[in-house]
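Asks: Have a look at this one.
The values are calculated or read from the model by the stated rules, or taken from the named source; none is laboratory data. In this text, all values refer to a predicted model and were calculated from it rather than measured experimentally. Backbone-built Cβ (ideal geometry, glycine too); neighbour counts: all protein chains shown. Only protein heavy atoms, including side chains, enter the accessible area calculation; ligands, DNA and RNA are left aside. Shrake-Rupley method; radii C 1.70, N 1.55, O 1.52, S 1.80 Å.
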Amino acid sequence: MELKGINQLDEDDRSPVRHYAFLIANGTLILRYSDIDYRKYLINNPEYLVKLFAIYFTQNNWGYEDKRFFKYYDEQWLATICDEDFKTELSFNQEYFSYKNHLPWQRAVVDFTNQLITCSDEAIPLKPQEILNTMLQTGTPFEQVYAVLVNTMDINPITGEVGNKEHATNRAFDMLKRYIISDYKPIEPFKEWEIELVWGGQVM
């Protein structure tokens with residue numbers, strides 16, 4: 001078995017993030033509320049993508065025993081953004097959606113998303129909006145980028161902080177470049193555990 005050398009984030013935390021990224025990019029996040037394709041709204045307003053993750057993490061932290069958990073705040077919020085006919089009784093300006101209330105590893109995902117939508121990496125020949133336009137066409141590439149991010153995080157078992165946040169972010173951008181730049185090869189080849197995708201307990 002390949003040694004990871006890190007205290008990896010629990011699979012129960014990693015898998016939902018990867019799957020969420022897949023749903024966003026696949027355009028299947030709010031079908032229960034609206035059949036409008038929301039992805040153009042994310043491309044034209046990249047900050048919406050950051051807020052999506054922020055709301056998603058907050059509602060996940062509530063847990064199954066909290067009645068708010070099953071109201072799908074993230075999907076209903078997105079529906080209000082792109083569908084003027086959609087109405088909801090939920091409030092989306094509550095303090096508990098604040099970044100400061102997220103777990104350290106969740107803040108690292110939000111921070112990465114902020115870097116993604118403002119990307120200034122000279123090696124990437126696309127502007128941030130063009131990157132999103134490329135990545136939000138189908139689920140797998142976006143899922144793989146976020147998979148690398150959460151798979152490579154080294155979590156401090158005491159504080160919960162991400163000890164290698166910069167490294168994990170850089171590896172996620174390496175994966176992004178593989179999709180954006182046809183001949184790109186990272187200096188350090190990806191290990192199997194870095195790119196691992198797990199669905200329903202099964203490695204893909």
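Asks: From the residues in the stretch 88-115 that are among the hydrophobic types (A, V, I, L, M, F, W, C) and open to solvent by 30 Å² or more (accessible area, probe 1.4 Å), which one is nearest to ASN151 (Cα to Cα)? Give the steps one after another, and end with the answer.
Replies: Step one: list which residues in the stretch 88-115 are among the hydrophobic types (A, V, I, L, M, F, W, C), which gives 90, 92, 97, 103, 105, 108-110, 112.
Next cut, open to solvent by 30 Å² or more (accessible area, probe 1.4 Å) only: 90, 103.
Working: LEU90: 33, LEU103: 16 Å.
Restricting to residues being among the hydrophobic types (A, V, I, L, M, F, W, C) and open to solvent by 30 Å² or more (accessible area, probe 1.4 Å), the top hit is LEU103.
Asks: Of all residues in the stretch 116-136, which are under 19 Å from the mean Cα position of the chain (by Cα) and of a type in the set (A, V, I, L, M)?
Replies: Within the stretch 116-136, LEU116, ILE117, ILE131, LEU132, MET135, LEU136 meet the criteria.
Asks: Looking at (1) in contact (Cβ under 8 Å) with a residue 24 or more places away in the chain; (2) of a type outside the set (Asp, Glu); (3) out of contact with any Leu (no Cβ under 7 Å at 6 or more places or on another chain); (4) open to solvent by 40 Å² or more (accessible area, probe 1.4 Å), can you tell me which one VAL17 breaks?
Replies: Only one criterion is unmet by VAL17, namely (4).
Asks: Still on this model: Mind checking which residues of the stretch 70-87 are charged (D, E, K, R) and crowded, with 17+ Cβ neighbours inside 10 Å?
Replies: Applying the first criterion (charged (D, E, K, R)) to the stretch 70-87 yields 71, 74-75, 83-85, 87.
Listed by number, the residues that qualify are ASP74, GLU75.
Asks: Identify all residues within the stretch 51-67 that are more than 17 Å from PRO16 (Cβ to Cβ) and either assigned to a helix (DSSP H, G or I) or in contact (Cβ under 8 Å) with a residue 12 or more places away in the chain (or both); write none if there are none.
Replies: Residues of the stretch 51-67 that are more than 17 Å from PRO16 (Cβ to Cβ), as a first pass: 51, 65, 67.
Correct list: LYS51, LYS67.
Asks: When you look at ASP66, is it open to solvent by less than 50 Å² (accessible area, probe 1.4 Å), out of contact with any helix residue (DSSP H, G or I) (no Cβ under 7 Å at 6 or more places or on another chain) and of a type in the set (D, E, K, R), yes or no?
Replies: Details: open to solvent by less than 50 Å² (accessible area, probe 1.4 Å): yes; out of contact with any helix residue (DSSP H, G or I) (no Cβ under 7 Å at 6 or more places or on another chain): yes; of a type in the set (D, E, K, R): yes.
Yes.
Asks: Could you tell me which residue of the stretch 23-50 is surrounded by the fewest Cβ atoms within 10 Å (Cβ to Cβ), considering only residues that are part of a loop (DSSP other than H, G, I, E, B) and of a type in the set (D, E, K, R)? Walk me through it before giving the result.
Replies: First, the residues of the stretch 23-50 that are part of a loop (DSSP other than H, G, I, E, B): 27-38, 45-46.
Filter again for of a type in the set (D, E, K, R), leaving 32, 35, 37.
Details: ARG32: 11, ASP35: 8, ASP37: 11.
Across the stretch 23-50, the extreme among qualifying residues is ASP35.
Asks: If you scan the stretch 142-183, which residues turn out to be part of a helix (DSSP H, G or I), open to solvent by 20 Å² or more (accessible area, probe 1.4 Å) and not polar (S, T, N, Q)?
Replies: LYS165, GLU166, HIS167, PHE173, ASP174, LYS177, ARG178, TYR179, ILE180
Asks: If you don't mind, another one. Just wondering, is there one or more residues in the stretch 124-136 that are open to solvent by 70 Å² or more (accessible area, probe 1.4 Å), under 22 Å from ARG107 (Cβ atoms), part of a helix (DSSP H, G or I) and touching a residue at least 12 places away in the same chain (Cβ under 8 Å)? Give the derivation first.
Replies: Keep residues of the stretch 124-136 that are open to solvent by 70 Å² or more (accessible area, probe 1.4 Å), which gives 125, 127, 129-130, 133.
Then keep just the ones that are under 22 Å from ARG107 (Cβ atoms); that gives none.
No, there is no match, as no residue in the stretch 124-136 is open to solvent by 70 Å² or more (accessible area, probe 1.4 Å), under 22 Å from ARG107 (Cβ atoms), part of a helix (DSSP H, G or I) and touching a residue at least 12 places away in the same chain (Cβ under 8 Å).
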